Structure formats: C-alpha cells, structure tokens
1. Give the peptides 90-97, 294-301 in descending order of average Cβ contacts within 10 Å, highest first.
2. Given points 7 Å out from each Cα along the Cα-Cβ axis, report the Ala191 to Asp245 separation in nanometres with one decimal.
3. State whether segment 182-302 is rounded, prolate or oblate according to the following rule on the C-alpha gyration tensor (a ≥ b ≥ c being the square roots of its eigenvalues): a/c under 1.5 gives rounded; otherwise a/b larger than b/c gives prolate, and the remaining case gives oblate.
4. Could you state the accessible area per residue of the chain in Å², with a 1.4 Å probe and every protein chain left in place?
5. Of the peptides 157-168, 114-125, how do they stack up when ordered by the mean number of other Cβ atoms within 10 Å, highest first?
6. Could you give the distance between the Cα centres of segment 61-90 and segment 96-124, to the whole Å?
7. Could you state the principal axis extents of the C-alpha atoms in segment 1-151, from the largest down, to the nearest angstrom?
8. What's the extension gain from Glu40 to Ala28 if we count 0.36 nm per residue and subtract their Cα-Cα distance?
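The values are calculated or read from the model by the stated rules, or taken from the named source; none is laboratory data. Note that this is a predicted model, so its numbers are computed, not measured. Positions of Cβ are generated from backbone atoms using ideal geometry, with glycine treated the same way; all protein chains shown enter the neighbour counts. The accessibility values were calculated without ligands, DNA or RNA, using every heavy atom of the protein model including side chains. Shrake-Rupley method; radii C 1.70, N 1.55, O 1.52, S 1.80 Å.
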Amino acid sequence: MIRHLLTGREFDRAALEKLIETTASLKAGRGKANQPRPLEGKSIGMIFAKSSTRTRVSFEVGIHELGGQPIYLDESKTQMGRGETIADTARVLSRFLHGIVIRTFRQSDVEGLAQYGSIPIVNALTDDYHPCQAFADLFTIWERKGKLEGLKMAYLGDGASNMANSLMMACKLAGMTFAIGAPEEFRPRQAIMDENLGPGKVEWTTDPAAAMKDADFVYTDVWVSMGFEKESRERMKILDPYRLDMKMLGYAKPDVKVMHCLPAHRGEEITDEVMESEHSIVFDEAENRLHMHKAILCTLFQ
Ligand code: CP
Ligand code: NVA
C-alpha cells in the first residue's frame with residue numbers, strides 16, 4: 001500500500017505499471033457511468049506556496065471527479081505564512097482533512113507534513129522534485145509508443161532542476177535512457193545519477209547536439225525555475241546554447257516528439273516554431289496531468 005507521493009521513490013516498477021494502467025482507464029472512462037469515487041465524503045487540502053495553472057486546476061477538477069472536495073490554501077494566507085511550524089500544521093490539518101497536495105519550496109516541508117501528519121501527502125512540486133509531472137510524462141510517452149523500456153529521452157537545459165531530477169528518476173524506473181544536455185554550472189545531481197532506481201540509463205554531456213542523438217522524445221523546461229529569479233541573468237547567458245530550436249531538433253530521430261512541462265518561455269528554452277511544430281505534444285502532455293493526478297489519488301486512497 002503506497003501512503004504518500006513525496007519524491008516518486010515510493011513507486012517501484014510494478015506500482016508504476018499499475019499507475020499507468022489506472023491512468024489509461026480513468027482517461028478512457030472520463031464522463032462515463034460507474035467511474036471510481038474513492039474520495040466520496042473526503043476533503044483534500046491543496047497548499048500552494050508557488051504559482052500554478054495546470055497542477056492546481058487538474059488536481060481540483062480531479063478531486064471533484066473522484067467524489068471529493070478540494071480546499072485550496074494559498075500558503076501565504078495561512079498561518080504557515082506567518083511562521084506556524086510544519087509539525088504543528090501537519091497535526092492540525094490531519095484532524096480536518098483526509099489528504100494534502102502541497103506545492104512549496106523546501107522538500108523537507110513536504111516530508112515534514114508526512115512525518116508529523118497522519119494523512120496521505122502528495123508533492124505537487126518543490127525546488128527538488130516534481131513527481132506528478134514526471135509520472136504524467138511517462139504516461140504520455142507510453143500512450144504514444146505502447147511501451148517505455150528502451151526509449152530515449154533527451155533533456156536540454158537546467159540539469160539540476162526539479163524536472164531534471166524527477167524525469168531522471170522516472171526514466172530510470174521505466175528502463176529508458178535519459179540523456180541530459182546541460183552545462184557544467186547546471187550539471188545533473190550526482191547522487192540521483194548514481195542512485196539505483198531501475199534499469200534505465202542516465203547520460204550527461206555538455207554538448208546538447210550529442211544528447212539529442214537518436215532521441216525519441218526531447219524535453220525542456222524553463223531556465224529559471226520558480227524561486228531562482230535572482231539568478232535570471234546568469235542563467236540566460238549560460239543556458240543560451242541549450243535552446244530547443246528547429247536546428248537542434250534535427251539532431252534527434254526524424255519523428256522525435258517534443259515535451260515541455262509548461263509554462264514555456266517561448267524564445268528562451270524553446271522557440272515558437274518548435275512549440276507549434278508537428279513534433280510538439282505539449283498540450284496532450286498537459287491534459288494527461290488530470291488523468292495521472294486522478295490515478296495517483298486512486299492509488300493513495302484505494
Ligand atoms: N507543469 C506545471 O506544473 O504547471 P503549473 O505550474 O501551471 O502547475
Ligand atoms: N522547473 C519549473 C517547473 C514548473 C512547472 C519550476 O520549478 O518553476
């Protein structure tokens with residue numbers, strides 16, 4: 001029984017396969033009769049300390065569709081924003097709510113909620129991880145290819161970001177190759193590269209064209225993640241050679257698919273032309289957040 005989704009490490013290979021199956025079934029069944037309602041009579045808190053469009057809306061809609069009530073909490077307007085501790089907040093909210101979805105800065109805060117509370121906790125993005133997005137992305141890939149094992153994803157840009165960390169972990173678990181094209185300054189985290197999470201392979205090169213070679217999927221994300229705005233100028237300069245434009249796309253397989261967690265900063269990490277090209281699957285990818293979030297909740301509340 002999986003209790004929380006804090007980093008993604010809670011899911012082994014079999015649990016991932018089940019999660020993808022559940023997502024497919026929820027997607028196919030949406031709006032039809034006799035859909036699962038594991039959240040009937042339950043209230044799920046949604047604590048957000050950072051901005052969100054996709055994650056917030058897809059969780060709110062998903063919780064509603066599963067029979068539950070979402071309660072959105074802007075962290076700055078709660079007592080957490082005035083210094084109430086995570087430990088106290090966790091114990092209080094566990095008396096009211098049946099689960100919490102949280103987007104915040106520190107990973108330790110998400111883990112603290114799980115440690116001190118007594119209800120399931122879902123990480124909806126921290127500075128370190130974005131597991132909901134990475135699992136939804138695996139589903140999008142599986143939907144296109146009917147498999148995950150043996151496929152190659154190239155990732156260009158900030159190799160140390162929450163997305164890079166979570167995709168690296170997800171690709172390892174799924175048996176994919178994750179090839180990171182990132183500069184020395186934003187190299188992938190060694191501890192996650194070395195971690196034994198599954199049969200997939202991780203490669204890191206500072207040459208973006210080399211990372212793109214033979215890629216089935218290419219992924220990019222903003223160069224300045226939320227919370228890192230002070231580093232904007234430096235990041236723009238260092239990451240400029242890692243922009244995903246049509247020329248860069250040409251180094252991958254001819255039928256390569258382009259993925260981006262969104263929001264995109266068009267003209268920075270990705271060009272308009274690539275976003276609008278026939279290679280782009282970014283909006284299908286965004287839609288799948290809803291189906292995957294429902295599957296995650298079904299898993300935690302079965
Ligand atoms: N990809 C993603 O998490 O989007 P939001 O920031 O809009 O939730
Ligand atoms: N890396 C980005 C992802 C946004 C969904 C950020 O943290 O801002």
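1. Going from most to least packed, we get 294-301, 90-97.
2. Simple spin-label model gives 3.8 nm for this pair.
3. Since a/c stays below 1.5, the shape of segment 182-302 is classed as rounded.
4. I get 43 Å² per residue for this part.
5. Most protected by this proxy first, the peptides run 157-168, 114-125.
6. Centre-to-centre (Cα) distance: 9 Å.
7. Sorted from largest, the Cα extents of segment 1-151 read 48, 36, 30 Å.
8. 2.2 nm
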